[in-house]
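Beneath this line is the structure, given in structure tokens, with notes to follow.
The values are calculated or read from the model by the stated rules, or taken from the named source; none is laboratory data. Note that the coordinates shown come from a computational prediction; the quantities given were computed from them, not determined experimentally. Glycine gets a Cβ as well: all are built from the backbone with ideal geometry, and neighbour counts include every protein chain shown.
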Ligand SMILES: Cc1cc2nc3c(=O)[nH]c(=O)nc-3n(C[C@H](O)[C@H](O)[C@H](O)COP(=O)(O)OP(=O)(O)OC[C@H]3O[C@@H](n4cnc5c(N)ncnc54)[C@H](O)[C@@H]3O)c2cc1C
């Protein structure tokens, strides 16, 4: 098939920036289509720390980013409350660290208007007993935890309810530029092989770390720096609040709670390309070592998985590592390079996605001569039933309260019932996403608990056969692909309890089901 479709705005990239922009435009009455080369949140939006920054982390070296984070932190707690756990944060200086840095931090927060409260070491240990004995100084901050999957899907569903479209598994492969404008965009559906042509009035490049590659398709140069960050997940929730080391930003200095687990991170490593990256055991070792300075028990914790993402940082090709490049966002009107209907939005933070969308939509509306203002700062993000299942710790509460007769648990670690799987499967068609374990995993907690999919994957595949979502060999291929994906995260943490678990998993899948290939 090679039909030509028209859309006022084509958004390239289904991360939180792309879907946030789609919602902003849709609420202003501008129809748009998002195209995503894989599934929603398959870039940095699905591989980050989930910290809703208060601005404190940047307050000493990047006041502008700090101010943006602070404003968006306050706003999102009101406008997207269902996606946020308002845990609060603690910035903690440990023995041996520079107390002068703590004093500068307190002053800078005051100057920037970020509410922080000084605590004594005794107070802080009472609040977070997992902290080590060597606390020198500590501040309570308004940091919080955000569920990046729920945030993206709530934005997507509201955008779609207001007329936006999404095409997943549809990478943009070419752009035809005629007389200073992109006239035709070629997409290839990677599931069917079909080619589609889209004729947009405006194209927004929201491709995150791939923004440079997308710009190249239009014959433009957009130098990007790729900063890989690795994170590791503990089997238990270690602290109630977000814990930060109070020192200049460095590796392994943040511990973010996520429902029943904690996530330690991150690192910042310059890499040459944003694809095919895996967390390594060396990175996990480093994170464990650094984290243990603040939380000594981290050395003994069972770690269930590691993952990594790539930060989209623009420019500064000579910077030694990603940390020295500012974390603010970049909005480029490519009219200045001769292409009048192309805009790029990249960089920034998950925390500032709404602001990035607002500024981009302002520019798009100006180009379309459509002077309608933004409303995402005053209209709360509605809750959609299919979005609740990615929230860590939500499923057990649901199961205890609202369980219906005959509604079996398919994922026992994260307590995801059959009804949740059905609810998610019903939504996939409209997103052009094939039914399968990976798609369900992006939209729920299946496979994310300690068993890493060992038991739930088989049950869910059987359920999909029962409901005729899968046919023929589809189930075993899907199972293999899902387990391979989980393996990528487990291979960097294989010692102690998790090693024993991996051996059990191998026995189940290879011994019982003769699936030699999932664990290469
Ligand atoms: C390790 C790490 C930790 C982080 N932690 C935090 C944090 O705690 N708090 C915070 O606020 N921020 C954090 N960030 C930053 C945050 O994750 C990103 O700023 C944000 O997710 C970027 O979203 P995006 O939509 O712009 O990009 P992405 O999420 O990367 O989305 C870009 C999308 O474009 C798609 N795409 C690429 N090429 C094409 C093509 N040719 N055709 C179609 N689609 C295409 C990709 O598949 C991808 O889905 C972190 C980032 C990393 C890497």
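Do the conditions hold for residue 105, that is, is it assigned by TED's automatic domain parsing to the domain that holds residue 26 and touching a helix residue (DSSP H, G or I) at 6+ places or on another chain (Cβ under 8 Å)?
Judged against the criteria, residue 105 is not a match.
For the subset of region 50-69 comprising residues that are in a helix (DSSP H, G or I) and touching a residue at least 60 places away in the same chain (Cβ under 8 Å), which member is farthest from the chain's Cα centre (by Cα)?
The selected residue is 64.
Starting from region 203-224, take each residue that is in contact (Cβ under 8 Å) with a residue 24 or more places away in the chain and under 14 Å from residue 181 (Cβ atoms) and list its partners that are part of a helix (DSSP H, G or I) and more than 10 Å from the ligand (Cβ to nearest atom), counting only C-beta distances under 6 angstrom and pairs at least six apart or across chains.
220/337
Every residue in region 402-433 that is part of a loop (DSSP other than H, G, I, E, B) and surrounded by 18 or more Cβ atoms within 10 Å (Cβ to Cβ), please.
Residues satisfying the conditions are 413, 414, 415, 432, 433.
Is it the case that some residue within region 240-261 is farther than 29 Å from residue 117 by Cβ and within 14 Å of the ligand (Cβ to nearest atom)?
No: region 240-261 contains no residue that is farther than 29 Å from residue 117 by Cβ and within 14 Å of the ligand (Cβ to nearest atom).
Examine region 286-309 for a residue that is part of a loop (DSSP other than H, G, I, E, B), at pLDDT 95 or above and in contact with a helix residue (DSSP H, G or I) (Cβ under 9 Å, 6 or more places away or on another chain), and state whether such a residue exists.
Within region 286-309, none of the residues are part of a loop (DSSP other than H, G, I, E, B), at pLDDT 95 or above and in contact with a helix residue (DSSP H, G or I) (Cβ under 9 Å, 6 or more places away or on another chain).
Identify, please: which residue in region 330-363 is more than 16 Å from the ligand (Cβ to nearest atom) and part of a loop (DSSP other than H, G, I, E, B) and is, among those, nearest to residue 76 (Cα to Cα)?
341
Restricting attention to region 88-99, does a residue exist that is assigned to a helix (DSSP H, G or I), at pLDDT 95 or above and surrounded by 15 or more Cβ atoms within 10 Å (Cβ to Cβ)?
Within region 88-99 (the criterion being assigned to a helix (DSSP H, G or I), at pLDDT 95 or above and surrounded by 15 or more Cβ atoms within 10 Å (Cβ to Cβ)), the answer is no, since none of the residues qualifies.
Which of the strands (runs of 3 or more DSSP E) found entirely inside region 216-269 contain at least 1 residues meeting this: modelled with pLDDT of 95 or more and under 16 Å from the mean Cα position of the chain (by Cα)?
In region 216-269, 224-234, 254-258, 261-265 are the strands (runs of 3 or more DSSP E) which contain 1 or more residues that are modelled with pLDDT of 95 or more and under 16 Å from the mean Cα position of the chain (by Cα).
Which is over 20 Å from residue 314 (Cα atoms), in contact with a strand residue (DSSP E or B) (Cβ under 6 Å, 6 or more places away or on another chain) and crowded, with 23+ Cβ neighbours inside 10 Å, of 261, 242?
Going through 261, 242 in turn, just one is over 20 Å from residue 314 (Cα atoms), in contact with a strand residue (DSSP E or B) (Cβ under 6 Å, 6 or more places away or on another chain) and crowded, with 23+ Cβ neighbours inside 10 Å: 242.
State whether the residues of region 268-277 include one that is surrounded by 19 or more Cβ atoms within 10 Å (Cβ to Cβ), within 20 Å of residue 87 (Cα to Cα) and touching a strand residue (DSSP E or B) at 6+ places or on another chain (Cβ under 8 Å).
no
Name the residue that is farthest from the ligand (Cβ to nearest atom), counting only residues in region 1-43 that are surrounded by fewer than 24 Cβ atoms within 10 Å (Cβ to Cβ) and under 19 Å from residue 443 (Cα atoms).
Applying the filter and picking the extreme gives 39.
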